[in-house]
Amino acid sequence: MRKLTIQSRIYLIIDPSMDQEILFSKLNLIVQEKIAAIQIWDNFKENQNIEELLLKIYAKTFLHNIPLLINNRWEILKQIPLDGIHFDEIPENFNEIKKEINRDFISGITCGNDLATIEYAEKHQYDYISFCSMFPSKTANSCELVNFETVQKAKSIFSGKIFLAGGIDLNTIENLDKLDYDGIAVVSGIMSADNPSETIKKYQQKIKK
């Protein structure tokens, strides 16, 4: 299993319902860049061959030493050697989930303004938390807007990595400069770009070091 190391400060979320030809043409460029991790959004099409798709993506990320995570569907880690799981909310039985998976894996969770989720992530030794949504976003429309004060408090509660997500683009990212964070999670800002490789480089230049 690959570890979540911040060799890059960009965490990419991909939509598996995208046209596969477009998805893999972009992914072929993306894996050439330094990416902290790739998460597959829980947005599969009806009757989609999920296992086949995940194995094809995993074959690419594995070669480039990029951790590959699945959103919510932790059972998949029992069949496919993905690197981790991202939860949208606190699971009821995380200790039982760990027993069933029965191997090391990266764990992350979405946080809003409720400090209890941050405290939960610290208690259960999650690898990272991801705040959503920092700004209004089409792809994060189910998230509440996060107060910057909550992010500032998180560093004193949580010892893992802190990512920021939701509405972050090349214009809004500069508004995050006053915050202490480890990286950003991006969906459409990269996947909708004509040249995702160049876009990743632009994000890297703008992220506060």
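Only one entry of ILE30, ILE101, ILE80, ILE109 meets the criterion of being touching a helix residue (DSSP H, G or I) at 6+ places or on another chain (Cβ under 9 Å), in contact (Cβ under 8 Å) with a residue 24 or more places away in the chain, of a type in the set (A, V, I, L, M, F, W, C) and within 28 Å of VAL151 (Cβ to Cβ), and that entry is ILE30.
Among the residues of this structure, SER107 counts as one that is among the small types (Gly, Ala, Ser), at pLDDT 95 or above, surrounded by 21 or more Cβ atoms within 10 Å (Cβ to Cβ) and under 14 Å from the mean Cα position of the chain (by Cα). In the stretch 171-184, the qualifying residues are those that are out of contact with any Leu (no Cβ under 7 Å at 6 or more places or on another chain) and closer than 16 Å to LEU12 by Cβ, and the one that is most open to solvent (accessible area, probe 1.4 Å) is ASP182.
Among the residues of the stretch 112-138, those identified as surrounded by 21 or more Cβ atoms within 10 Å (Cβ to Cβ) and in contact (Cβ under 8 Å) with a residue 60 or more places away in the chain are TYR128, SER130. Whether a residue is under 21 Å from ILE14 (Cα atoms), over 17 Å from the mean Cα position of the chain (by Cα), among the acidic types (Asp, Glu) and open to solvent by 20 Å² or more (accessible area, probe 1.4 Å) was assessed, and ASP194 passes this test. The number of residues in the stretch 87-122 that are closer than 22 Å to LEU68 by Cβ and among the hydrophobic types (A, V, I, L, M, F, W, C) comes to 9.
Checking each residue in the stretch 45-92 for being touching a Leu at 6+ places or on another chain (Cβ under 8 Å) and either open to solvent by 40 Å² or more (accessible area, probe 1.4 Å) or not in a helix (DSSP H, G or I) (or both) picks out LYS60, PHE62, PRO67, LEU68, LEU69, ILE70, ILE80, LEU82, ASP83, GLY84, ILE85, HIS86.
Determine whether the stretch 7-18 contains at least one residue that is touching an Asp or Glu at 6+ places or on another chain (Cβ under 9 Å), among the small types (Gly, Ala, Ser), open to solvent by less than 80 Å² (accessible area, probe 1.4 Å) and assigned to a strand (DSSP E or B). No - not one qualifying residue is present in the stretch 7-18. (1) more than 22 Å from VAL31 (Cα to Cα); (2) outside any strand (DSSP E or B); (3) free of Cβ contacts under 8 Å to residues at least 60 places away in the same chain: which one isn't true of THR199, the others all being true? Just one mismatch for THR199, condition (1).
Might you check whether a residue that is part of a strand (DSSP E or B) and hydrophobic (A, V, I, L, M, F, W, C) occurs anywhere in the stretch 141-157?
Looking through the stretch 141-157, none of the residues is part of a strand (DSSP E or B) and hydrophobic (A, V, I, L, M, F, W, C).
For the stretch 29-44, which positions are open to solvent by less than 40 Å² (accessible area, probe 1.4 Å), in a loop (DSSP other than H, G, I, E, B) and within 16 Å of SER17 (Cβ to Cβ)? Passing the criteria: only PHE44. Taking the conditions (1) out of contact with any helix residue (DSSP H, G or I) (no Cβ under 7 Å at 6 or more places or on another chain); (2) crowded, with 17+ Cβ neighbours inside 10 Å; (3) in a helix (DSSP H, G or I) in turn, GLU96 satisfies each one other than (2). I need a count of the residues in the stretch 110-140 that are of a type outside the set (Val, Ile, Thr) and within 16 Å of the chain's Cα centre (by Cα). The total comes to 13. Inside the stretch 139-149, residues that are of a type in the set (Val, Ile, Thr) and open to solvent by 30 Å² or more (accessible area, probe 1.4 Å) make up a count of 1.
The values are calculated or read from the model by the stated rules, or taken from the named source; none is laboratory data. Remember, predicted model here, so these are calculated numbers, not experimental data. Because the Cβ atoms are built from the backbone with ideal geometry, glycine has one as well, and the counts that use them run over all protein chains shown. Just the protein is used for accessible areas: all its heavy atoms, side chains included, with ligands, DNA and RNA removed. Shrake-Rupley method; radii C 1.70, N 1.55, O 1.52, S 1.80 Å.
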